[in-house]
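Accompanying notes for the structure given below.
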Amino acid sequence: MLRINDKIAIEDWEITEQFVRASGPGGQNVNKVATAVELRFEAANSPSLPGPVKSRLKRLAGRRWTNEGALIIQCDETRSQARNRDIARDRLVELIRKSLTPPKRRIPTRPTLGSKKRRLKAKKVRGEVKAMRGKVDPQD
């Protein structure tokens, strides 16, 4: 069981882990031992997570979220299967903790008088520069 906080804990049956061969350096060990871990968490069907947390988790997960509503985390950082497994689980916990806090509402602000004046002055200068362009009269 993965403890997220006091109220939320993810049961072991909600998480499946599959070990695959890692890419990258490691000599012959890479070809023999399946050290990379692919952690799959069925987030959409999870009874542990409330609805708003699921929607925020989906937004945070990005392309790691599948069409079936599963969150897939891959880790092949170390040559140790157990260490990769721990790192993947830590990443899952961290992602869920981030999705627990609702985002702050943005309070729209009005532009200051100074910024309005600076913008209009810049527009005027730019307009004058463009007004100077144009066809030159050969008789002048």
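Observations
- Across Ile96, Ile107, Ile73, mean-square fluctuation computed from a Gaussian network of the chain (C-alpha pairs under 10 Å connected) peaks at Ile107.
- In this Cβ point-charge picture (+1 for Lys and Arg, -1 for Asp and Glu), the chain has a dipole of about 1660 debye about its Cα centre.
- Cross-link reach is defined here as a Cα-Cα straight distance under 29 Å, omitting same-chain residues fewer than 8 places apart; for Lys123 the lysines meeting it are Lys135.
- Region 2-100, relative contact order [Cα under 8 Å, separation at least 6], %: 29 percent
- Counting only Cβ charges, +1 for Lys and Arg and -1 for Asp and Glu, the dipole size of region 63-126 around its Cα centre is about 1340 debye.
- Label assignment, semi-axes √(5λ) of the Cα gyration tensor in Å derived from the structure, set (1) 35, 15, 12; (2) 56, 26, 11; (3) 54, 26, 13: (3)
- Largest GNM mean-square fluctuation among Val37, Val125, Val20, using the chain with Cα springs under 10 Å: Val125.
- Proximity of backbone amide H atoms, modeled 1.01 Å from N, is registered between Ile4 and Ala9, Ile10 at under 5 Å, excluding neighbours fewer than 5 places apart on the same chain.
- Fully extended contour minus Cα-Cα distance, from Gln81 to Gln18, at 0.36 nm per residue: 21.6 nm
- Across region 10-18, computed HN-Hα scalar couplings (Karplus, 6.51 cos²θ - 1.76 cosθ + 1.60, θ = phi - 60°) run 9, 6, 5, 6, 7, 10, 10, 10, 10 Hz from first to last residue, x flagging Gly and Pro.
- Glu128-Ile107 FRET efficiency (beta carbon distance; Förster radius 35 Å; 0.05 resolution): 0.40
Values quoted throughout were computed directly from the atomic coordinates according to the rules given, and no laboratory measurement underlies them. In this text, all values refer to a predicted model and were calculated from it rather than measured experimentally. Here the Cβ is made from the backbone with ideal geometry for all residues, glycine too, and neighbour counts use every protein chain on show.
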